[in-house]
1. Find the residue count for the stretch 295-328, including only residues that are in a strand (DSSP E or B) and not polar (S, T, N, Q).
2. Quick one: in the stretch 58-116, of everything that is of a type in the set (D, E, K, R) and surrounded by 19 or more Cβ atoms within 10 Å (Cβ to Cβ), which residue is farthest from TRP46 (Cα to Cα)?
3. Identify all residues within the stretch 165-174 that are under 21 Å from the mean Cα position of the chain (by Cα), in a loop (DSSP other than H, G, I, E, B) and not aromatic (Phe, Trp, Tyr); write none if there are none.
4. Of the residues in the stretch 26-38, how many are surrounded by fewer than 24 Cβ atoms within 10 Å (Cβ to Cβ) and of a type in the set (Lys, Arg)?
5. Quick check on this structure: which one of MET225, MET240 is touching a Phe, Trp or Tyr at 6+ places or on another chain (Cβ under 6 Å) and either surrounded by fewer than 22 Cβ atoms within 10 Å (Cβ to Cβ) or under 28 Å from SER296 (Cα atoms) (or both)?
6. Could you tell me which residue of the stretch 143-164 is nearest to TYR113 (Cα to Cα), considering only residues that are modelled with pLDDT under 95 and not in a loop (DSSP other than H, G, I, E, B)?
7. Does TRP66 satisfy being farther than 23 Å from ASP137 by Cβ, over 17 Å from the mean Cα position of the chain (by Cα) and either at pLDDT 95 or above or not polar (S, T, N, Q) (or both)?
Amino acid sequence: MKQVLLLMAFSIVVFSGIAQSIQVLDSSQRQVSFRGLSVVNDSVAWVSGSRGTIGRSTNGGLHWQWLHPKGFEQRDFRDIEGFDAQTAVAMAVDSPGIILRTSDGGQSWQTVYRSDLPGMFLDAMAFAGDTGVCLGDPIDGFFWMLQTTDAGRSWTEVPIQARPKAEPGEACFAASGTNILLVPEPGNLRGAFVTGGKVSKLHLFDLTVNQQFGGKVALTQGQTMTGGNSILWHGGGFVMAAGNYTSPQVSDSNLAVMSPQWPTPHQPLQAFSGYASCIAELSDGRLIASGVPGVSITKQKAVFSPGQLPVWQKINPHPYHVVQQAKQGKLVLLAGARGYVGKMQE
C-alpha cells in the first residue's frame, strides 16, 4: 500500500502541469494484464487479457461487466474486436490458437476458429467493416494468416503462397493487437504489419492478388525481445512503434516512419519515453503511445517532414499496454498491467 501511495504522489507532482491526464476507471482485475482493446463508440467498449478475462462496457468505460468464457478461463486473450454492444470476437494466443465470438453481449461464446498445429501463436487481428485478418507467428517459414468476410463468424486460412515469408529470427509480438492494419476497401484485404525480434520489417500484403512486399525498418532490433509492436496509417504513410522489452527505459530507435514526406525513411527516431507496445492517432491528428514506461502524447498534430518533427510529452507513468480512440466518437481508453483501465482526460 505504501508503494501505491508513493506512486500516486509521484504522478500528481510530476504530471500536474500537463493538460492531459489519465483517469483510472477500473482496477478491480488486479491479477489480469490487458492487451486487447476495442472502443466501438463513446458508449461501447470491449477489453481482453490474461486469466480468460474479457470486459464489456456500455457507458463509456465507467462500469464494466467482467466475463470469463467457459472452458477458456486460463487463456490469454491478447486481442478483441467489438462490432457493437452485443457482438465481439476475441483471440487467444498460444497453442491451440483460438478465436471466440459472441452475439449476445458475452453471455455465450462460440469457437469460430481453432488450430492445434505445433508452434501456433496468434498475435493480432485487424478489421475494415466485416472484412478481417488475423496474424500469427511464422510456421514453416511463412507468417500464419487467417481471413474473414463475415465479421468473424467464420475464418479461412490464407494459402501459403499469399502469406509473407519470414526471415530467420523474425516474428510478431502480441503486445497490443495493433501490429497489423487493413486499408478500408470493401472486399479487398490490403494491409500491412510490422515485425520484430532479430529482424524488424514492414510487410505489405494484398491477399486478393497474392502479392506481398517486405522491407527492413530502422527500429531497434537484433534481439529476441526487440522490434516493432504497433503500426498506424498517418499523414499518408506508416508510423511504427517499438522498443526493447528487456530494457524498457531505452528510447533509442523506438519510432520509425515510412512516408513520402520523410526524406530518409530508414532513419530511426527517438520519440516517446522508452518502450512502446502501442501507438494510436487521435481525431485531431495527435499521436499517443503507451507501454511499460507509461503514456506519452504529441503536443500538436504530428507532422513528419525535414523541418518538423512532433514533440512528445509524458502524461502518465503507469504501464498501459494498449490505447485506442473510439471508431465512432472521441472517447480515448487505455488498458494494461494490474487490471488497469483508464480514460484520457483533456
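The values are calculated or read from the model by the stated rules, or taken from the named source; none is laboratory data. Computed from a predicted structure; not experimentally measured. Note that we place each Cβ from the backbone using ideal geometry, even for glycine, and neighbour counts take in every protein chain shown.
1. Initial filter on the stretch 295-328 (in a strand (DSSP E or B)): 295-298, 305, 308, 312-316, 320-325, 328.
From what is left, the residues that are not polar (S, T, N, Q) are 295, 297, 312, 314-315, 320-323.
Residues in the stretch 295-328 being in a strand (DSSP E or B) and not polar (S, T, N, Q): 9 in total.
2. Step one: list which residues in the stretch 58-116 are of a type in the set (D, E, K, R), which gives 70, 73, 75-76, 78-79, 81, 84, 94, 101, 104, 114, 116.
When the remaining residues are screened for being surrounded by 19 or more Cβ atoms within 10 Å (Cβ to Cβ), the result is 75-76, 78-79, 81, 101.
Numbers: ARG75: 17, ASP76: 15, ARG78: 12, ASP79: 10, GLU81: 7, ARG101: 13 Å.
Out of the qualifying residues, it is ARG75.
3. Step one: of the stretch 165-174, the residues under 21 Å from the mean Cα position of the chain (by Cα) are 166, 170-174.
If we keep only those that are in a loop (DSSP other than H, G, I, E, B) too, we end up with 166, 172-174.
Of everything in the stretch 165-174, those that are under 21 Å from the mean Cα position of the chain (by Cα), in a loop (DSSP other than H, G, I, E, B) and not aromatic (Phe, Trp, Tyr) turn out to be ALA166, CYS172, ALA174.
4. Qualifying residue count, the stretch 26-38: 1.
5. Working: MET240 fails: touching a Phe, Trp or Tyr at 6+ places or on another chain (Cβ under 6 Å).
Exactly one of MET225, MET240 is touching a Phe, Trp or Tyr at 6+ places or on another chain (Cβ under 6 Å) and either surrounded by fewer than 22 Cβ atoms within 10 Å (Cβ to Cβ) or under 28 Å from SER296 (Cα atoms) (or both), namely MET225.
6. Within the stretch 143-164, the match that is nearest to TYR113 (Cα to Cα) is ILE160.
7. Yes.
Matching residues to (1) modelled with pLDDT under 50; (2) exposed (fewer than 11 other Cβ atoms within 10 Å of the Cβ); (3) within 22 Å of GLN324 (Cβ to Cβ):
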{"residue": "VAL13", "(1), (2), (3)": "yes, yes, no"}
{"residue": "ALA19", "(1), (2), (3)": "no, yes, yes"}
{"residue": "VAL24", "(1), (2), (3)": "no, no, yes"}
{"residue": "VAL40", "(1), (2), (3)": "no, no, yes"}
{"residue": "TRP46", "(1), (2), (3)": "no, no, yes"}
